[in-house]
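> Before I ask anything, let me first share the structure, which is written out below as structure tokens.
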Amino acid sequence: MNINLIEALDMLEKEKGISRELLIDIILKSIKSAYKKNYGTKNVDVEIDKNLTNIEVFQIWTVVEEVIDENEEISLKDAQKIDPKIHPGEEIRKKINLKKDFKRIAAQTAKQVILQNIKEIEKKSLFDKYISLKDKVTNAEVIMIEDEFVEIRIGKLETKLPLKEMLPGEILKPGQLIKVHVKDIQKSTKGPKILVSRITPELVKELLKNIVPEIEEGVVEIKKIYREPGIRTKVAVSSNNKNVDPVGSCIGSNSLRIQELIEELKGEKVDIIEYSENPEVFIKNALAPAEVLEITINAETSEAIVYVPESQFSLAIGKGGQTARAAAKITGWKIDIHTR
């Protein structure tokens, strides 16, 4: 092994994140495999010195009086030229001259096996590195804009953000940094495949975790989320500390926290409401800021009739019915709104 190969190992270790020990092991196993394949023998040993300066290949022969299998056996006469004290039935190691005896095709096979093994190890290393991002929100850089998707880069990996996973009407530019929800990371023949989205409820949930310390600390809990991407999201929260206001914690002083979230969602409306196990209270909170006069609950059919002042009807319904629809989805109740 020459100095160039040592440098190559160092480079692979740094660039691919594969340890030198593992790379050496790959090289040794690949040479052994190539020799076995091309010379029809099973008994081969490969050694490399601790200074990485020399590789030696040995074929292991069984000493016999009469050779039947030339690939596995050596005559006693030939064996005693190597070791005069050898006896039939014993094994002897014969060093192979790599330059002389290692055929060009065998060397090429070893090279291909080495490269293939390194590629497989690299893909596994990348998968192990990025799998922790699954179900998380991470930064991505926009690389290229296409008709049906946007090419993005997450760390060292590139992936596609499909048009259907983007916010409605969203316009991105090359070089722009965006937040994406990593829905899944899959193994493929080309390496880890990252599936991302900007329209999932999980994106809002993870963004809130990053923005609101009380959520990250477990003081405030996100109970339910309903999202219509690009239009409106409702988030129901509760507090595990009676002294902490869950809604106020998410909105923040001077609405700074909620504004940070809305900016990341490109202006999508976000309602933070307080969760309640009491369906009447929860429905009332979900329809806020509309004033609710009375709620009649039918637990058997999960239906609720809600009465609001006539002046509040449009507010309770919302543009295109989105407020009432979102309230019904997040509470799990069919809501019928009337005026009084």
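> Tell me the residue from GLU264, GLU260 that is without any contact (Cβ under 8 Å) to a residue 60 or more places away in the chain and in contact with a helix residue (DSSP H, G or I) (Cβ under 7 Å, 6 or more places away or on another chain), please.
Values: GLU264 fails: without any contact (Cβ under 8 Å) to a residue 60 or more places away in the chain.
None of the others qualify; the one that does is GLU260.
> Of all residues being among the polar types (S, T, N, Q) and out of contact with any Lys or Arg (no Cβ under 6 Å at 6 or more places or on another chain) in region 183-214, which is surrounded by the fewest Cβ atoms within 10 Å (Cβ to Cβ)? Just the residue, please.
THR189
> Among strands (runs of 3 or more DSSP E) lying entirely in region 148-247, which contain 1 or more residues that are over 25 Å from SER132 (Cα atoms)?
On the way: elements: 149-154, 157-162, 177-186, 193-197, 220-228, 232-239.
Once the strands (runs of 3 or more DSSP E) in region 148-247 are filtered for at least 1 residues that are over 25 Å from SER132 (Cα atoms), what remains is 220-228, 232-239.
> Being modelled with pLDDT of 95 or more and among the hydroxyl-bearing types (Ser, Thr, Tyr) is the filter here, so list the residues in region 315-340 that pass it.
Matches in region 315-340: THR331 only.
> Something else: Report yes if some residue within region 125-137 is within 30 Å of PRO246 (Cβ to Cβ), modelled with pLDDT of 95 or more and either assigned by TED's automatic domain parsing to the domain that holds ILE31 or assigned to a strand (DSSP E or B) (or both); otherwise report no. First the steps, then the outcome.
Taking region 125-137 as the starting set, the residues that turn out to be within 30 Å of PRO246 (Cβ to Cβ) are 132-137.
This time we only want the ones that are modelled with pLDDT of 95 or more, so: none.
No, that holds for no residue.
> Just to verify a result, which residue in region 261-320, among those that are part of a helix (DSSP H, G or I) and among the hydroxyl-bearing types (Ser, Thr, Tyr), is farthest from SER239 (Cα to Cα)?
Residues of region 261-320 part of a helix (DSSP H, G or I): 261-264, 279-287, 310-317, 319-320.
Still in the list and also among the hydroxyl-bearing types (Ser, Thr, Tyr): 311, 314.
Details: SER311: 33, SER314: 31 Å.
The selected residue is SER311.
> Can you name the condition, by its number, that ALA236 falls short on among (1) closer than 23 Å to ILE337 by Cβ; (2) over 34 Å from the mean Cα position of the chain (by Cα)?
(2)
> Still on this structure, I have one more. Give me the residue from region 321-340 that is outside any helix (DSSP H, G or I) and under 22 Å from GLU277 (Cα atoms) and, out of that set, nearest to the chain's Cα centre (by Cα). It would help to see each step written out before you state the result.
If we filter region 321-340 for residues that are outside any helix (DSSP H, G or I), which is where we start, we get 332-340.
In the following step, the residues that additionally are under 22 Å from GLU277 (Cα atoms) were identified as 332-337.
Working: GLY332: 32, TRP333: 36, LYS334: 37, ILE335: 39, ASP336: 43, ILE337: 44 Å.
By that ranking, first place goes to GLY332.
> If I filter region 277-285 for residues that are among the basic types (Lys, Arg), free of Cβ contacts under 8 Å to residues at least 24 places away in the same chain and out of contact with any Cys (no Cβ under 6 Å at 6 or more places or on another chain), do I get at least one hit?
Taking region 277-285 first, the residues among the basic types (Lys, Arg) are 284.
When the remaining residues are screened for being free of Cβ contacts under 8 Å to residues at least 24 places away in the same chain, the result is 284.
Narrowing further to those that are out of contact with any Cys (no Cβ under 6 Å at 6 or more places or on another chain): 284.
So far as region 277-285 goes, yes, one or more of its residues are among the basic types (Lys, Arg), free of Cβ contacts under 8 Å to residues at least 24 places away in the same chain and out of contact with any Cys (no Cβ under 6 Å at 6 or more places or on another chain).
> Output the residue which, of all residues in region 215-235 that are buried (at least 22 other Cβ atoms within 10 Å of the Cβ) and touching a helix residue (DSSP H, G or I) at 6+ places or on another chain (Cβ under 6 Å), is nearest to LEU261 (Cα to Cα).
THR233
> Hey, ASN285 hits all of (1) farther than 30 Å from LYS164 by Cβ; (2) in contact with an Asp or Glu (Cβ under 7 Å, 6 or more places away or on another chain); (3) surrounded by fewer than 20 Cβ atoms within 10 Å (Cβ to Cβ); (4) modelled with pLDDT of 95 or more but one; which does it fall short on?
(3)
> Kindly indicate whether LEU256 is surrounded by 13 or more Cβ atoms within 10 Å (Cβ to Cβ), farther than 26 Å from LYS334 by Cα and not basic (Lys, Arg). Lay out the reasoning, then the answer.
Values: surrounded by 13 or more Cβ atoms within 10 Å (Cβ to Cβ): no; farther than 26 Å from LYS334 by Cα: yes; not basic (Lys, Arg): yes.
No; evaluated as a whole, the condition is false for this residue.
So that you can scan it fast, the table gives a plain yes or no per residue for (1) in contact with a strand residue (DSSP E or B) (Cβ under 8 Å, 6 or more places away or on another chain); (2) within 21 Å of ARG227 (Cα to Cα):
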{"position": "LEU157", "(1), (2)": "yes, no"}
{"position": "PRO162", "(1), (2)": "yes, yes"}
{"position": "GLU165", "(1), (2)": "yes, yes"}
{"position": "THR189", "(1), (2)": "no, no"}
{"position": "ILE199", "(1), (2)": "yes, yes"}
{"position": "VAL204", "(1), (2)": "yes, yes"}
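> So which pairs qualify, if the first residue must be in region 47-76 and in the same structural domain as LYS29 (by TED's automatic domain parsing) and part of a loop (DSSP other than H, G, I, E, B), the second must be among the hydroxyl-bearing types (Ser, Thr, Tyr) and modelled with pLDDT of 85 or more, the Cβ gap must be under 7 Å, and the two must be at least 6 apart or on different chains?
So the pair list comes out as VAL67/SER75; GLU72/THR62.
> Out of the residues in region 210-224 that are charged (D, E, K, R) and touching a residue at least 24 places away in the same chain (Cβ under 8 Å), which is farthest from SER276 (Cα to Cα)? Write out each step before concluding.
Within region 210-224, the first condition is being charged (D, E, K, R), and the residues that meet it are 214, 216-217, 221, 223-224.
Those still in the list that are touching a residue at least 24 places away in the same chain (Cβ under 8 Å) too: 214, 221, 223-224.
Working: GLU214: 19, GLU221: 12, LYS223: 9, LYS224: 11 Å.
Looking at the filtered set, the residue picked out is GLU214.
> OK, next. Quick one: count up the residues across region 276-298 that are touching a helix residue (DSSP H, G or I) at 6+ places or on another chain (Cβ under 7 Å) and acidic (Asp, Glu).
Of the residues in region 276-298, 1 are touching a helix residue (DSSP H, G or I) at 6+ places or on another chain (Cβ under 7 Å) and acidic (Asp, Glu).
The values are calculated or read from the model by the stated rules, or taken from the named source; none is laboratory data. Everything numeric here is computed off the predicted structure, so don't read it as measured data. So basically every Cβ, Gly included, is an ideal-geometry build from the backbone, and we count neighbours across all protein chains shown.
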